[in-house]
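Remarks on the structure that follows.
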Amino acid sequence: MTAFDEHYWQERWQKGQTGWDIGGPAPAILQHFRSLDDKALSILIPGCGNAYEAKALWDMGFNRITVAEIVAAKAAELRERFSDTGIRVLHEDFFRLEGQYDIIVEHTFFCSLSPDLRPAYVQQAHRLLRENGQLTGLLFNRTFEQPGPPFGGSPEEYTALFTPVFRQVSLEPCNNSIPPRAGKELYIVLTR
């Protein structure tokens, strides 16, 4: 099996093989954050890529945003792009991150991980969240014909994975996915 490490993702960026990049923030994630009044929530976006959500949330008034990216060149690009904001950019592997956050935003990071890493993802997300913190965002509600990434899944799989660790697990069909993903995504809100 291929190691989906920094070298692998750097090569994908260099070759323009970035099917996960939708060119802007996911509408469902923005809708969720529009319902939140506390702009001082600490937010982590792991595997952030171009970090469209980070900039959009910053523009909405959220002022404690950290993004983590495994590819050094992409992290350096983001530092430059966000130099006039307070967005903190880390060049770091999600599984090595430290700290405590109120919200972790999930958008195409979970599906980039080999499925055998999913239990470790759940444990790490739980560790990084404060009490009552939330893991929120999008997961694919489908399988893929070709070997991943991306790797898909089903509500049943996700429920079995997250329920033993998170106090509340909400997985709902996403009603405002981008057109190519319509009917193929779940919006999740998982509370620690």
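Bear in mind these aren't lab numbers, they're just calculated from the coordinates by the rules spelled out. On a predicted model such as this, the values are computed, not experimentally measured, just so you know. Methodologically, a virtual Cβ is constructed for each residue, glycine included, from the backbone with ideal geometry; neighbour enumeration extends over all protein chains shown.
Of all the Cα-Cα pairs you can form in segment 32-73, what percent are over 15 Å apart?
Above the 15 Å cut-off, segment 32-73 has 39 percent of its Cα pairs.
Given labels modelled 7 Å from the Cα in the Cβ direction, how far is it in nm from Ala73 to Glu172?
With each label placed 7 Å out from Cα toward Cβ, I get 4.1 nm.
Filter the chymotrypsin sites (Phe, Trp or Tyr not before Pro) in segment 48-94 down to the DSSP loop ones having no more than 16 other Cβ atoms within 10 Å, then list what survives.
Loop-located and lightly packed - none at all.
Using Cα centres only, tell me the gap between segment 12-78 and segment 137-182 in whole Å.
If we compute the Cα centre of each part, the gap is 19 Å.
What's the magnitude of the charge dipole for the chain around its Cα centre, counting Lys and Arg as +1 and Asp and Glu as -1 at the beta-carbon? Answer in Debye, nearest 20.
About 200 debye.
List the lysines whose Cα lies under 27 Å from the Cα of Lys39, skipping any in the same chain that are fewer than 8 positions away.
List returned: Lys55, Lys74.
Ser42's amide H: which non-local residues (gap 5+, or another chain) put their own amide H closer than 5 Å, with H modeled 1.01 Å from N in plane and none for Pro or chain starts?
Asp102, Ile103
Would you mind computing, in nm to one decimal, how far apart the modelled labels at Arg34 and Gln146 are, each placed 7 Å from Cα along Cα→Cβ?
The modelled label-to-label distance comes out at 3.4 nm.
Hey, what do the phi angles of segment 135-150 turn into as Karplus ³J(HN,Hα) couplings, whole Hz, using 6.51/-1.76/1.60 and θ = phi - 60°, x for Gly and Pro?
9, 9, x, 10, 10, 5, 10, 5, 10, 10, 5, 8, x, x, x, x
Relative contact order for segment 27-191: what is it in percent, counting Cα pairs under 8 Å that are at least 6 residues apart?
Dividing the mean separation by the residue count of segment 27-191 yields 20 percent.
Based on the alpha carbon coordinates of segment 27-191, what radius of gyration and maximum Cα-Cα distance (Dmax) apply, in Å?
Here Rg and the maximum Cα pair distance are 15.1, 43 Å.
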